[in-house]
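To start, the structure under review is shown below, and the notes come after it.
The values are calculated or read from the model by the stated rules, or taken from the named source; none is laboratory data. This one's a predicted model, so the numbers in the text were calculated from it and none came from an experiment. Glycine gets a Cβ as well: all are built from the backbone with ideal geometry, and neighbour counts include every protein chain shown.
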Ligand code: HEC
(Lines give C-alpha, C1' and ligand atoms only; values in the text may rest on other atoms or scores of the structure.)
Protein backbone atom coordinates (compact mmCIF):
# COMPACT_ATOMS: atom_id res chain seq x y z
CA UNK A 1 0.00 0.00 0.00
CA UNK A 2 3.04 2.26 -0.16
CA UNK A 3 1.92 3.15 -3.65
CA UNK A 4 -1.05 5.17 -2.28
CA UNK A 5 1.21 6.98 0.14
CA UNK A 6 3.47 8.11 -2.61
CA UNK A 7 0.67 8.84 -5.09
CA UNK A 8 -2.34 10.12 -3.17
CA UNK A 9 -3.63 12.12 -6.14
CA UNK A 10 -5.37 9.28 -8.04
CA UNK A 11 -7.14 8.29 -4.83
CA UNK A 12 -8.20 11.87 -4.28
CA UNK A 13 -9.55 12.17 -7.82
CA UNK A 14 -11.44 8.92 -7.42
CA UNK A 15 -13.07 10.24 -4.26
CA UNK A 16 -14.05 13.48 -6.00
CA UNK A 17 -15.48 11.58 -8.96
CA UNK A 18 -17.77 9.62 -6.64
CA UNK A 19 -18.95 12.49 -4.45
CA UNK A 20 -19.28 15.23 -7.10
CA UNK A 21 -22.58 14.03 -8.62
CA UNK A 22 -24.19 14.13 -5.18
CA UNK A 23 -22.87 17.59 -4.40
CA UNK A 24 -24.12 18.90 -7.74
CA UNK A 25 -27.48 17.14 -7.67
CA UNK A 26 -30.26 19.25 -9.21
CA UNK A 27 -31.99 21.08 -6.33
CA UNK A 28 -35.25 21.12 -8.32
CA UNK A 29 -35.33 17.33 -8.79
CA UNK A 30 -37.53 16.44 -5.77
CA UNK A 31 -40.15 19.05 -6.70
CA UNK A 32 -40.04 18.01 -10.34
CA UNK A 33 -40.70 14.37 -9.39
CA UNK A 34 -43.70 15.43 -7.28
CA UNK A 35 -45.02 17.49 -10.18
CA UNK A 36 -44.61 14.80 -12.80
CA UNK A 37 -45.75 11.73 -10.92
CA UNK A 38 -45.76 11.55 -7.13
CA UNK A 39 -48.66 13.92 -6.54
CA UNK A 40 -51.83 12.07 -7.59
CA UNK A 41 -53.50 13.11 -9.84
CA UNK A 42 -50.29 14.42 -11.39
CA UNK A 43 -50.02 18.19 -11.90
CA UNK A 44 -48.62 17.45 -15.36
CA UNK A 45 -51.97 16.01 -16.45
CA UNK A 46 -53.60 19.41 -16.23
CA UNK A 47 -50.79 21.98 -16.39
CA UNK A 48 -48.09 22.95 -18.83
CA UNK A 49 -44.67 23.53 -17.30
CA UNK A 50 -41.63 23.36 -19.57
CA UNK A 51 -39.16 22.40 -16.86
CA UNK A 52 -41.18 19.25 -16.17
CA UNK A 53 -41.88 18.52 -19.84
CA UNK A 54 -45.58 18.93 -18.98
CA UNK A 55 -48.13 19.95 -21.60
CA UNK A 56 -51.45 19.54 -19.77
CA UNK A 57 -54.05 22.05 -20.92
CA UNK A 58 -56.96 21.64 -18.49
CA UNK A 59 -55.56 24.18 -16.04
CA UNK A 60 -53.59 27.35 -16.78
CA UNK A 61 -50.04 27.12 -18.15
CA UNK A 62 -47.79 27.65 -15.15
CA UNK A 63 -45.07 29.00 -17.43
CA UNK A 64 -47.44 31.85 -18.24
CA UNK A 65 -49.11 32.26 -14.86
CA UNK A 66 -45.78 32.29 -12.98
CA UNK A 67 -47.36 31.84 -9.53
CA UNK A 68 -45.18 32.53 -6.50
CA UNK A 69 -44.77 29.75 -3.92
CA UNK A 70 -47.48 31.10 -1.60
CA UNK A 71 -50.01 31.07 -4.42
CA UNK A 72 -49.14 27.50 -5.40
CA UNK A 73 -49.32 26.33 -1.78
CA UNK A 74 -52.74 27.91 -1.38
CA UNK A 75 -54.07 26.12 -4.48
CA UNK A 76 -52.60 22.84 -3.21
CA UNK A 77 -54.05 23.15 0.29
CA UNK A 78 -57.52 24.33 -0.64
CA UNK A 79 -57.98 23.35 -4.26
CA UNK A 80 -59.28 25.96 -6.69
CA UNK A 81 -62.09 25.68 -9.24
CA UNK A 82 -61.79 22.31 -10.98
CA UNK A 83 -58.49 21.56 -9.29
CA UNK A 84 -58.65 19.13 -6.35
CA UNK A 85 -57.08 19.95 -2.97
CA UNK A 86 -53.93 17.98 -2.11
CA UNK A 87 -54.01 18.66 1.63
CA UNK A 88 -54.84 15.03 2.44
CA UNK A 89 -52.58 13.53 -0.23
CA UNK A 90 -49.33 15.41 0.30
CA UNK A 91 -47.43 16.13 3.50
CA UNK A 92 -46.86 19.75 4.49
CA UNK A 93 -43.23 19.34 3.48
CA UNK A 94 -44.18 17.97 0.05
CA UNK A 95 -46.52 20.93 -0.45
CA UNK A 96 -43.67 23.31 0.32
CA UNK A 97 -41.20 21.48 -1.91
CA UNK A 98 -43.69 21.43 -4.77
CA UNK A 99 -44.68 25.08 -4.30
CA UNK A 100 -41.09 26.25 -4.34
CA UNK A 101 -40.41 24.08 -7.35
CA UNK A 102 -43.30 25.55 -9.39
CA UNK A 103 -42.32 29.09 -8.41
CA UNK A 104 -38.73 28.54 -9.47
CA UNK A 105 -39.37 26.40 -12.56
CA UNK A 106 -41.90 28.90 -13.92
CA UNK A 107 -39.51 31.79 -13.30
CA UNK A 108 -41.67 33.51 -10.68
CA UNK A 109 -39.02 33.23 -7.97
CA UNK A 110 -35.39 32.28 -7.76
C1 LIG B 1 -57.57 17.84 -12.71
C2 LIG B 1 -56.73 18.88 -13.27
C3 LIG B 1 -55.71 19.53 -12.36
C4 LIG B 1 -54.71 18.93 -11.65
C5 LIG B 1 -54.40 17.45 -11.54
C6 LIG B 1 -53.95 20.01 -11.05
N7 LIG B 1 -54.49 21.22 -11.37
FE8 LIG B 1 -53.80 23.03 -10.84
N9 LIG B 1 -55.42 23.92 -11.69
C10 LIG B 1 -56.37 23.27 -12.45
C11 LIG B 1 -57.37 24.24 -12.90
C12 LIG B 1 -58.59 23.93 -13.77
C13 LIG B 1 -56.97 25.48 -12.38
C14 LIG B 1 -57.69 26.83 -12.54
C15 LIG B 1 -58.66 26.96 -11.40
C16 LIG B 1 -59.45 28.25 -11.45
O17 LIG B 1 -58.81 29.32 -11.48
O18 LIG B 1 -60.67 28.17 -11.45
C19 LIG B 1 -55.72 25.24 -11.64
C20 LIG B 1 -55.00 26.22 -11.02
C21 LIG B 1 -53.74 26.05 -10.50
C22 LIG B 1 -52.88 27.11 -10.02
C23 LIG B 1 -53.22 28.61 -9.99
C24 LIG B 1 -53.91 28.96 -8.71
C25 LIG B 1 -54.30 30.43 -8.68
O26 LIG B 1 -54.14 31.03 -7.64
O27 LIG B 1 -54.77 30.95 -9.71
C28 LIG B 1 -51.72 26.54 -9.60
C29 LIG B 1 -50.51 27.25 -9.01
C30 LIG B 1 -51.85 25.11 -9.80
N31 LIG B 1 -53.09 24.86 -10.34
C32 LIG B 1 -50.87 24.19 -9.49
C33 LIG B 1 -51.07 22.81 -9.54
C34 LIG B 1 -50.12 21.84 -9.02
C35 LIG B 1 -48.77 22.16 -8.43
C36 LIG B 1 -50.70 20.61 -9.22
C37 LIG B 1 -50.18 19.25 -8.81
C38 LIG B 1 -50.15 18.97 -7.39
C39 LIG B 1 -51.98 20.83 -9.87
N40 LIG B 1 -52.16 22.17 -10.03
C41 LIG B 1 -52.84 19.81 -10.26
C42 LIG B 1 -56.42 21.92 -12.73
C43 LIG B 1 -55.58 20.96 -12.18
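Considering only residues of segment 77-86 that are without any contact (Cβ under 8 Å) to a residue 24 or more places away in the chain and within 9 Å of the ligand (Cβ to nearest atom), which is surrounded by the fewest Cβ atoms within 10 Å (Cβ to Cβ)? Even if it seems obvious, please write down each step before you answer.
Looking only at segment 77-86, we keep the residues that are without any contact (Cβ under 8 Å) to a residue 24 or more places away in the chain, and these are 77-81, 85.
If we keep only those that are within 9 Å of the ligand (Cβ to nearest atom) as well, we get 79-81.
Numbers: 79: 13, 80: 13, 81: 7.
Within segment 77-86, the match that is surrounded by the fewest Cβ atoms within 10 Å (Cβ to Cβ) is 81.
Is it the case that segment 64-72 has a residue that's near the ligand (Cβ under 7 Å from one of its atoms), modelled with pLDDT of 95 or more and surrounded by fewer than 16 Cβ atoms within 10 Å (Cβ to Cβ)?
Quick first cut of segment 64-72, residues near the ligand (Cβ under 7 Å from one of its atoms) only: 65, 67, 71-72.
Add one more test, that the residue is modelled with pLDDT of 95 or more, and what stays is 65, 67, 71-72.
Then keep just the ones that are surrounded by fewer than 16 Cβ atoms within 10 Å (Cβ to Cβ); that gives none.
Within segment 64-72, not a single residue is near the ligand (Cβ under 7 Å from one of its atoms), modelled with pLDDT of 95 or more and surrounded by fewer than 16 Cβ atoms within 10 Å (Cβ to Cβ).
Please list, ordered by first then second residue, the pairs with beta carbon atoms under 7 Å, 6 or more apart or interchain, first in segment 87-110 and free of Cβ contacts under 8 Å to residues at least 24 places away in the same chain and under 14 Å from residue 32 (Cα atoms), second near the ligand (Cβ under 10 Å from one of its atoms) and in a loop (DSSP other than H, G, I, E, B).
From residues that are free of Cβ contacts under 8 Å to residues at least 24 places away in the same chain and under 14 Å from residue 32 (Cα atoms), the pairs are 95/86.
Would you mind finding the one in 48, 52, 103, 57 that is more than 12 Å from the chain's Cα centre (by Cα), on the phi < 0 side of the Ramachandran plot and crowded, with 18+ Cβ neighbours inside 10 Å? Give the derivation first.
Details: 52 fails: more than 12 Å from the chain's Cα centre (by Cα); 103 fails: more than 12 Å from the chain's Cα centre (by Cα); 57 fails: crowded, with 18+ Cβ neighbours inside 10 Å.
Answer to the check: 48.
Please state which of the following conditions residue 51 fails to meet, knowing it meets all the rest: (1) more than 6 Å from the ligand (Cβ to nearest atom); (2) under 18 Å from residue 91 (Cα atoms); (3) in contact (Cβ under 8 Å) with a residue 12 or more places away in the chain; (4) assigned to a helix (DSSP H, G or I).
The single condition residue 51 does not satisfy is (2).
Here is a check on your reading of the model: is residue 110 modelled with pLDDT under 95, outside any helix (DSSP H, G or I) and either within 9 Å of the ligand (Cβ to nearest atom) or surrounded by fewer than 19 Cβ atoms within 10 Å (Cβ to Cβ) (or both)?
In short, yes.
Would you tally the residues in segment 32-48 being more than 10 Å from the ligand (Cβ to nearest atom) and closer than 14 Å to residue 99 by Cα? It would help to see each step written out before you state the result.
Taking segment 32-48 first, the residues more than 10 Å from the ligand (Cβ to nearest atom) are 32-33, 37, 48.
Next, only the ones that are closer than 14 Å to residue 99 by Cα stay: 32-33.
Count: 2.
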